[in-house]
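Asks: A single structure is presented below for examination.
Throughout, read-outs are computed from the coordinates displayed, never taken from laboratory work. Values in this document were obtained by computation on a predicted structure and should not be read as measured data. For neighbour counting, all protein chains shown are included, and Cβ atoms are generated from backbone atoms with ideal geometry for every residue, glycine included.
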Amino acid sequence: MDASTDRPGGPDLLDLPLPQPRECPFGPPPEMAGLRERTPVVRVKCPTGITAWLVTRYDDVRDVLGDAGRFSSRAGQAIHLMAHADPDRPVGDVEFSRMDGADYQRFRRIIGPEVSTAQRMAELRPMVQDLVDERLDALAAAGQAADFYGDFAVPVTTAAIGGLVGVPYEDRELFHNAAAVMFSGATSQADVLKVMRPLHEYLYKLVVTRRAEPADDSLSRIIARSEAGERPFTDVELVGICAALLVPGFDTTATVMAHGLLTLLAHPAELARLRADPSLIPSAVEEIVRFLGGAPGIVRQATRDTEIGGHPVAEGDYVVLAMQAADRDTGAFPDPDRLDVGRRPNNHLGFGYGTHQCFGQQTARLELTVTLETLLRRVPSLRLAVPLDDVPFKTGSIVYGPAEVPVTWDAVLPAGKAG
Amino acid sequence: MTGGGGGGPVRIGVDVDKCVASGMCAFVAPGVFGQREEDGVVVVLHRDPPEDQHEAVHEAAVRCPAQVIDVE
């Protein structure tokens, strides 16, 4: 760690993560409200050892994330939580999450058409609908109870991102293992490399295969689009792009899917509103992402001496943007701690903001929307099988949410039955 | 927050060089914004959209993560 960019703060520094009591299963940590009110830019010590400014106000978080000139992504998005992510290591050739400006845009624009356009989402929708229906049929055939996270959300989101990229479901273990280590408390780059190597070898073979025989998948189209451009992507870059789609592309969505269902089941009046008026589903999805999204926060580094909301910040300082806390700012949202499935407008920061905003957000929206539509239509009796207080939460992963969501139902209606 | 609709006509400008193809504008205001097939970059389909689209246009400008949409 470079001491000049990481000034010591003193013995009374606030420690991240803040306590998340059992009584607040949806977050953010209760202390966030007081910080936002009284010390919206405050010095904190992160579990990885770095010190940083924790920023909790909506306007301030938007300002920092929206200004890549003043606040760079180079140190890494999660160096406050992932001990293996050394902020001082050189940026890898395909590590575009740490790139700024044109270098970053080159990657973003080759991935964008595969995961963001309305046309692509319309093409993916029947695939996602089939995955959701097939999973529900399988659960119905097995009984009247399941773990919604492990038995539904993880398999559906895994198959969706695998199907999008072009990786068969039976080969999911490689990217599941990589994600487990990447988002865990792993402390060494060596541990991460050990689990990434087999994935990279697999993806390299896939890239070579798709170059020779294009298929109807994103990898094949990315290769074709890249070859038509000015600076075609190398095989190594293509492997990196596939890994960046697959590794963060399932558990983040699965977790918010499971956490979102849990939130709705714990807010029966809002669930009843949705049931009565399914046209609210798109705004419910936005509200779930506002309510739960961005909980771990992300990191930027000041490129010059500057200010955040009038508070001086020095060149080299790290900043942790607490998006979930910002999305509960009364200055930005009326009654922000209330779940409101009809909330409009809802300019939340749950997917981040700025050029690095989640590039999988449209596919996440699609998966959440189809899942909610289908659950309301096919499993109207869906309910928690245990008291809310007994739902276990994940530990040892930076993707915060329930470890299991035990649910039960009376009947799963046939897929064809439109409601 | 969004400025809301109403008022006079709106004029839309976009800075395609800064666009990161997030799809946010086309998601929020699909009648007004589209995306290029080859790189997902924003295309304005309707430079002077009807009044019932104004609120969506303002929302698209606020939610664009790369701040490339300018509405007057």
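Asks: If you average the C-alpha positions of segment A:340-414 and of segment B:4-57 separately, how far apart do those two centres end up, in angstrom?
Replies: Their Cα centres are 29 Å away from one another.
Asks: May I pose another question? Counting alpha carbon pairs within less than 8 Å and at least 6 residues apart, what relative contact order, in whole percent, applies to chain A?
Replies: Numbers: 672 pairs, mean separation 103.6, N = 419.
Once divided by the residue count of chain A, the mean separation gives 25 percent.
Asks: Also, I was wondering about something else. How far is the Cα center of segment A:207-253 from the Cα center of segment A:136-174, in Å?
Replies: Each part reduced to its Cα centre gives a spacing of 23 Å.
Asks: Measure off 7 Å from each Cα along the Cα-to-Cβ vector at residue B:38 and residue A:311, then give the distance between these two points in nanometres to one decimal.
Replies: Placing both labels 7 Å beyond Cα along the Cβ direction yields 4.6 nm.
Asks: Also, quick follow-up: Please give, to one decimal in nm, the separation of the simple spin-label points placed at residue A:173 and residue A:137, each 7 Å out from Cα toward the Cβ.
Replies: The two pseudo-label positions are separated by 2.7 nm.
Asks: Can I ask one more? Quote to one decimal, in nm, the extra length available between residue A:388 and residue A:266 on full extension: 0.36 nm per residue of separation minus the C-alpha distance between them. Present the calculation step by step, with values, prior to reporting the outcome.
Replies: Values: separation 122, 0.36 × 122 = 43.92 nm, distance 0.74 nm.
Between residue A:388 and residue A:266, full extension yields an extra 43.2 nm.
Asks: Of the lysine pairs in the protein assembly as shown, how many meet both conditions: Cα atoms under 30 Å apart, and a spacing of 8 or more in sequence or different chains? Walk me through the numbers on the way to the answer.
Replies: Values: A:45/A:194; A:45/A:394; A:194/A:205; A:194/A:394.
Close lysine pairs found across the protein assembly as shown: 4.
Asks: Let me ask something else. Which one of A:75, A:122, A:403 has the biggest mean-square fluctuation once chain A is modelled by GNM with Cα springs under 10 Å?
Replies: A:122
Asks: Taking the mean number of other Cβ atoms within 10 Å as a proxy for protection, how do you rank A:317-327, A:351-361, B:43-53, A:337-347 from highest to lowest?
Replies: Working: A:317-327: 26.2, A:351-361: 23.2, B:43-53: 13.9, A:337-347: 17.2.
Listed from highest to lowest mean packing, they are A:317-327, A:351-361, A:337-347, B:43-53.
Asks: Please report the projected area of the protein assembly as shown's Cα convex hull averaged over all directions, in nm².
Replies: Details: hull surface 91.5 nm².
Its Cα hull, projected and averaged over all orientations, spans 22.9 nm².
Asks: Shape call for segment A:214-364 from the C-alpha gyration tensor, a ≥ b ≥ c root eigenvalues: rounded (a/c under 1.5), prolate (a/b greater than b/c) or oblate? Numbers along the way, then the final one.
Replies: Values: a/c = 2.62, a/b = 1.22, b/c = 2.14.
Oblate, because a/c is 1.5 or more while a/b does not exceed b/c.
Asks: So, one more: If I model a spin label as a point 7 Å beyond the Cα along the Cα-Cβ vector, how far apart are those points for residue A:197 and residue A:276 in nm?
Replies: Distance between the two pseudo-spin positions: 6.0 nm.
Asks: OK, next. Inside 10 Å of the C-beta atoms of A:79-89, what's the mean count of C-beta atoms belonging to other chains?
Replies: Working: counts 0, 0, 0, 0, 0, 0, 0, 0, 0, 0, 0.
Other-chain Cβ atoms within 10 Å of each residue's Cβ, averaged: 0.
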